[in-house]
Every structure is written in structure tokens, then in C-alpha cells.
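The values are calculated or read from the model by the stated rules, or taken from the named source; none is laboratory data. These figures come from a predicted structure and were not determined experimentally. Note: ideal-geometry Cβ built from the backbone for every residue, glycine included; neighbour counts use all protein chains shown. Keep in mind that these areas ignore ligands, DNA and RNA; they rest on the heavy atoms of the full protein, side chains included. Shrake-Rupley method; radii C 1.70, N 1.55, O 1.52, S 1.80 Å.
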Amino acid sequence: MTTENFQFTLKKTDAGARLGEVSMPRGTIRTPAFMPVGTVGTVKAMYLDQVRETGADIILGNTYHLMLRPTAERVARLGGLHKLIRWEHPILTDSGGFQVMSLSGLRKLDEQGVTFKSHVDGSLHHMSPERSIEIQGLLGSDIQMQLDECVALPAEPKEIERAMELSLRWAERCKVAFGNQPGKAMFGIVQGGDVPALRVRSAEELAKLDLKGYAVGGLAVGEPQDVMLKMLETTLPVLPGEKPRYLMGVGTPDDILKSVARGIDMFDCVMPTRSGRHGLAFTRRGKVNIRNARHAEDMRPLDEQSNCPATRDYSRAYLHHLVRANEALGGMLLSWHNLNYYQELMQGIRKAIAEGRFADFMAETIEEWARGDL
Ligand SMILES: Nc1nc2c(CCNCC3CCCC3)c3[nH]c(NCCc4ccccc4)nc3cc2c(=O)[nH]1
């Protein structure tokens, strides 16, 4: 069902886990949702028809890369990102700040925004909160993220506080710049590092802005899993329950299960595609490093029970050979398999919540991983 507005419906809760739907003009996102990362206008090594077939309702675009090449203005002239990459379902774009910190030679960060050198051609760029929202608008993004400052952990509490307060001021400027775009949304991003009091203040102030959704940022940046989960337990109760919550950059299947249990609705991570390209397969029995010699003559597929061709039809011996030979098809098949595995996990999570048995599903799934590969 398409709607002219952005609408989140909470359908069921099971302990802390939530089953929901985000309805937008371009389609509906079933939550809890995993959002594959499309970096430079493509989910690497995949056709977007395959990405859709695995069950993805939404993908991520990469503001930082696209603003440098082919530039947001060119994407707009070409009809927007959806038309250019042939993906007519929702697209979420990050604001680019995180990618600047991690990818480019950051030159300056001040009240106005970030100044950085392009890792493509060394040209100088300045990105303010307003420019980030303008770029995401030119791309045609359906869910746009505020510009924020994410601090790597461990960090001094004073530094974490400074970045959190800056991000709050940038959230207000992004809200003004975004204006009123029916059918689209701008999400705020909670910061505050591993300091509970700062997390609470960030979430409280963002909640006052009455945004359409809230991301939890500043995590999966080097902290142990238990610290990440503790920050979720601190932050989520302060956010409005009727709005979607998006945990940025997370994560492994184990991270996802434990974060769903605490009330997260949306996830994104490069893990399934990046590790697939490096020969790592996620399975119901844990991770399989297909480069390992033990697979060299194993004619079994990764999982004959799957409905995904990459998982059901290709032998481990062939995948082993392709990855060892560094053949493109190896990364293609493992990316396809891993994305399908992640979507099967999300489907299992949604079904378990619907049936009121999420706690059992989580325990059984984690236990099966621990049993190790067949
Ligand atoms: N704006 C913003 N973005 C963050 C991101 C990027 C999320 N993916 C964006 C996509 C859009 C385009 C590219 C990515 C994060 N990613 C991670 N961890 C990734 C950890 C990881 C690293 C490598 C492999 C696997 C996991 N923490 C994040 C925190 C923030 C944050 O506070 N603010």
C-alpha cells in the first residue's frame, strides 16, 4: 500500500522486540529491516534485481562518494538516483560526515561543517548541515540523515560531549533545511559515545524536534558489544516509541539479534557484501571461510535448504576455487549468498515476533551458530 506520507506502524511487540512497517510513496519497509549498503550507486558485485529478490525493501546510497563523483548536481540532471541506478524502492542516504571522517583527509571541522579533501582527486570540499541536506535532496533520497559528528571510542567524555552538542545544533539546522517534504523523512542521530548521561540528553533534545525517525549513531566504532548494547538500553527508552529506530553500521547477525531484542527497527552494514568479497560466508551454523583448504573438494552447497541460487546451486569446492583464483564470480556469489542470509535472518526475526516467540528464536539461532559448520 503506498501512501503520500511517511508513516511508521508498530504492529506488534514481543518483550523488547518490535514488528513494524514504514510506508512511503516508493514502497513499504518491513521492520526489523536490514538495509544493504549501495556505495557508489551500486550494491557492490550485485544486480539490484538480485538485491530485491533477496528480500531487501530499501538500500543505502552513499552521499560522500556520490557528491564527489558523479556529483549530486549531475545525478539530479540525470533524473535522480532511483532512475539512474534503476531502483524504484526507498533509498536512505547517510549525511556524509561519518564517511568524511573515515575516508578522506579531514581538513577542518567547526560550527559551520566539515572541510575535506576528496579522496578521488584531492579537490577541497566544504559540507555544512544545509549542504548535506541539499545533496541528499538532489540525489532524491527518501530518508535523509542529519549531518553529525561521530567520535571513535574510546574518547574523553569532554570530547564526546562537544561532538554530541554540535550534532544537536546541526540536527536543528538540518530540520530547517529539510523543510516540509511529504513522503520523505529526515532522521536525527543520537550521539553521546559510551556516556549514559550524554546519550540521554542527546535523545531527549532530538525527541523535542519531533522528527520522523531516529538513528542511534556513535556506536560500532570500536567499543565492545556489551557497551554498545548498554548504550541501546540507555538510549531507546528516551526515544518516542511510535517512531522508527535505526542503529547505524550494525552489524553481525549476533549484533542484530541482540539489538532487535532492545528495540531497534532498522540496520545497515557493509559486512555481508564486504566479507562476501573476501570469501567469508554467513550460514545458520556460523561463519565459513571458503578460502580454507577443507572446502577444496567439498561438493555440498552452502545450504541446500535455501531458495537462493548462490546458496543452493554452487558447491563449496567451486566457491573455494573462485575465491582462491580471485575470480569476480566468487565475490558475486558470496555477496549474493550473504545478503540472502541476512534477509532470511530478518524474515525469521519478523516471523518470530509476530508469533510471540522472539526470545526462543534468538536463543535457538545463537545456539545453532555455536554448533559450527557442518
Ligand atoms: N552519520 C553517521 N553514520 C554512521 C555510520 C555509517 C553507517 N553506514 C552508512 C552507509 C552509507 C554509505 C556507506 C555506509 C556508522 N557505521 C558504524 N560502524 C560500521 C562498523 C563496520 C565497519 C566495517 C565493516 C563492518 C562494520 N558506526 C557508525 C556510526 C555513524 C554515525 O554516528 N553517524
Practice item. Taking the residues in the range 60-87 that are free of Cβ contacts under 8 Å to residues at least 60 places away in the same chain and in contact with a strand residue (DSSP E or B) (Cβ under 9 Å, 6 or more places away or on another chain) as candidates, determine which candidate is nearest to the ligand (Cβ to nearest atom). Key: N62
Practice item. Scan the range 169-219 residue by residue and report those that are aliphatic (A, V, I, L, M) and more than 20 Å from E242 (Cα to Cα). Key: V176, A177, V195, A197, L198, L219
Practice item. Please list, ordered by first then second residue, the pairs with beta carbon atoms under 7 Å, 6 or more apart or interchain, first in the range 250-277 and over 16 Å from R350 (Cα atoms), second surrounded by fewer than 23 Cβ atoms within 10 Å (Cβ to Cβ) and of a type in the set (D, E, K, R). Key: T273/K44; R277/K44
Point to revise | Search result, residues across the range 132-168 that are within 10 Å of the ligand (Cβ to nearest atom) and under 19 Å from the mean Cα position of the chain (by Cα) | key: S132, M145, Q146, L147, D148, E149, C150, V151, A152
Revision key, fill the gap. Checked the range 44-59 for anything of a type in the set (A, V, I, L, M, F, W, C), open to solvent by 10 Å² or more (accessible area, probe 1.4 Å) and in contact (Cβ under 8 Å) with a residue 60 or more places away in the chain; matches are A45, M46
Check your understanding: Name the residues in the range 174-193 that are out of contact with any strand residue (DSSP E or B) (no Cβ under 7 Å at 6 or more places or on another chain) and within 15 Å of the ligand (Cβ to nearest atom), would you?
Key -> Q191, G192, G193
Check your understanding: Which of (1) touching a Gly at 6+ places or on another chain (Cβ under 9 Å); (2) within 12 Å of the ligand (Cβ to nearest atom) does L239 not meet, given it meets every other one?
Key -> (2)
Review point. Does I135 satisfy being touching a Leu at 6+ places or on another chain (Cβ under 7 Å), over 19 Å from G192 (Cα atoms) and open to solvent by less than 50 Å² (accessible area, probe 1.4 Å)?
Key: no
**Study point:** Single match in A17, A72, A33 (criterion: open to solvent by less than 10 Å² (accessible area, probe 1.4 Å), more than 30 Å from E355 (Cβ to Cβ) and of a type in the set (G, A, S))
**Key:** A72
Review point. Part of a strand (DSSP E or B), touching an Asp or Glu at 6+ places or on another chain (Cβ under 6 Å) and under 25 Å from G27 (Cβ atoms) - does that describe any residue in the range 211-224?
Key: no
Study note, to complete from the structure: Within the range 288-320, residues touching a residue at least 40 places away in the same chain (Cβ under 8 Å) and either in contact with a strand residue (DSSP E or B) (Cβ under 6 Å, 6 or more places away or on another chain) or within 16 Å of the ligand (Cβ to nearest atom) (or both) come out as V288, I290
Revision key, fill the gap. When the range 12-27 is checked residue by residue, the ones that are part of a strand (DSSP E or B) and over 23 Å from P253 (Cα atoms) are S23, M24, G27
Practice item. Scan the range 143-169 for residues that are open to solvent by less than 10 Å² (accessible area, probe 1.4 Å), touching a Leu at 6+ places or on another chain (Cβ under 7 Å) and either over 23 Å from T71 (Cα atoms) or charged (D, E, K, R) (or both) and report the count. Key: 2
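Let's see how each residue does on (1) surrounded by fewer than 24 Cβ atoms within 10 Å (Cβ to Cβ); (2) near the ligand (Cβ under 10 Å from one of its atoms); (3) of a type in the set (S, T, Y); (4) under 16 Å from the mean Cα position of the chain (by Cα):
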| position | (1), (2), (3), (4) |
| --- | --- |
| E205 | yes, no, no, no |
| L209 | yes, no, no, no |
| G222 | yes, yes, no, no |
| D226 | yes, no, no, no |
| T234 | yes, no, yes, no |
| V260 | no, no, no, yes |
| P272 | no, yes, no, yes |
| T283 | yes, no, yes, no |
Practice item. Any chance you could count how many residues in the range 103-129 are over 19 Å from C174 (Cβ atoms), open to solvent by less than 60 Å² (accessible area, probe 1.4 Å) and part of a strand (DSSP E or B)? Key: 1
Review point. Tally time: how many residues in the range 45-59 are part of a loop (DSSP other than H, G, I, E, B) and away from the ligand (no atom under 16 Å from the Cβ)?
Key: 4
Study note, to complete from the structure: Residue hits (the range 225-259; out of contact with any Leu (no Cβ under 8 Å at 6 or more places or on another chain), β-branched (V, I, T) and part of a helix (DSSP H, G or I)) are T234, T235, V238
